[in-house]
Amino acid sequence: ISSPCGSPQVFIFVAAEYETRKNSLNQVSLWDAIIPAKERAKFWIRSSNKYRFVDHGKNLRGKEFNLTLHWHVMPKTGKMFADKNVMSGYSLPEEYI
C-alpha cells in the first residue's frame, strides 16, 4: 500500500469473538500491534497472548468462538481501510479454573 504523503501505519489485533443471548458480537482482545511503516511489516511474535483471556460472565464455557485477525490501515491523509480474517472452530471446556 502506498500513499503520496508517506507510508500508512497499520493497527492489527487478534480477538476471540463469540455470540451470547444478549449480544451478537462479543470480543476479547488477545494481542495487538502497530506496524509504523512498510519497512517494518515483518516481525515475530515471541510471547503468548498479550492480554489475559478472561471471560467475566462465564459465557465461553463449552461454547464455540472464532479467532479473528483484524487490520486497520491508517494513512497519513485519506480514508482508513479495515478488513479481517476469521478462523472458526475453537472452543473452551465446560469447566476450568
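Throughout, read-outs are computed from the coordinates displayed, never taken from laboratory work. From a predicted model like this one, the values you see are computed outputs, not experimental measurements. All Cβ positions, glycine included, derive from the backbone under ideal geometry; neighbour counts span all protein chains shown.
Key figures for this structure:
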read-out: Selection from the stretch 10-42 of residues that are of a type in the set (Phe, Trp, Tyr) and more than 21 Å from Gly89 (Cα to Cα); value: Phe11
read-out: All positions within the stretch 6-43 that are surrounded by 13 or more Cβ atoms within 10 Å (Cβ to Cβ) and aromatic (Phe, Trp, Tyr); value: Phe11, Phe13, Tyr18, Trp31
